[in-house]
1. From the phi angles alone, apply the Karplus equation (6.51, -1.76, 1.60; θ = phi - 60°) to the stretch 172-180 and give each ³J(HN,Hα) in whole Hz, x where the residue is Gly or Pro.
2. Taking amide H positions as placed 1.01 Å from N in the peptide plane, with prolines and chain starts having none, which residues 5 or more places from ARG35, or on another chain, fall under 5 Å of its amide H?
3. Under 5 Å between amide hydrogens, which residues at least 5 positions from HIS122 or on another chain qualify, with H placed 1.01 Å from N in the peptide plane?
4. Under a point spin-label approximation (7 Å from Cα along Cα-to-Cβ), what is the THR143-LYS127 distance to one decimal in nm?
5. Please list 3J(HN,Hα) in residue order for the stretch 64-73, calculated via the Karplus relation 6.51 cos²θ - 1.76 cosθ + 1.60 where θ = phi - 60°; whole Hz, with x for glycine and proline.
6. Show me 25-33, 151-159 ranked by packing, highest mean number of other Cβ atoms within 10 Å first.
7. With Kirkwood's inverse mean 1/r over C-alpha pairs for Rh, give me the Rg to Rh ratio of the stretch 118-171, two decimals please.
8. Which ³J(HN,Hα) values in Hz, rounded to whole numbers, follow from the phi angles of the stretch 16-30 under the Karplus curve 6.51 cos²θ - 1.76 cosθ + 1.60, where θ = phi - 60° and Gly and Pro get x?
Amino acid sequence: MVWDDLSATAPVGRDEPVELVGTNLRLMGAVSLGRFGRLSDLINASRGYIRVRNAQLLQRNGEPTSLVLAELMVDQDEISFIAQPQAEAPEPGAAVGFIEPVFGENVEARQAREFVMFTPGHTVTGKVHIFGQTDLAGFVDATDPRFVPVTEVTTRSLSDRRIVSRYDFILINRTQMIAAAEAGSRDDIAAQDVPEI
């Protein structure tokens, strides 16, 4: 793993729309990437508070409230996950922060695997890209990165199971992840739910 040099073509200061969700806080706004090309690189390289501009407080079900703040600092420890409902793919050459070496299509390469994770307020289901030989214990015991990228995500509130949200991409906070399990494929789960006649 290496730090890549900032290229002259990389966007500097691009804003990313985000939704921040914690046990007692839900809001949407924009985060400036600064010198980073990806949201995950910025978040995992920083500690402490995240600066959110045009922060609009949301109700628990995701409906916007009338409270909008020009700038809000949010403690990373209180964030369960940072979501992007429609995440754009980074532009070619834009991933100029924390870069991982590519090993090809073998056991060392990252593979998308379905996980179910629990935070104090939500059930989170989605695909985590982990190395092929990583088992469940290895995944939950790891401490790096602190915010784990997850794609094709469905979240469900534990306090009101009717509140379901879908996101292209989230970063789930390992310090807020209280339980995790690897799920089978959706077809396997659906087949188990069908009673035999």
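1. 8, 7, 4, 6, 9, 7, 9, 7, 8
2. Residues meeting the amide H criterion: GLY13.
3. LEU158
4. 3.1 nm
5. Values per residue, Gly and Pro as x: x, 9, 7, 7, 10, 10, 4, 8, 9, 9 Hz.
6. Listed from highest to lowest mean packing, they are 25-33, 151-159.
7. On the Cα set of the stretch 118-171, Rg over Rh gives 1.01.
8. 3J(HN,Hα) across the stretch 16-30, in whole Hz: 10, x, 9, 10, 9, 10, x, 4, 10, 8, 9, 8, 10, x, 10.
Coordinate-derived values only; no laboratory data. Here the structure is a predicted model, which means the values were calculated and not measured. Glycine also receives a Cβ, built like all others from the backbone with ideal geometry; neighbour counts cover every protein chain displayed.
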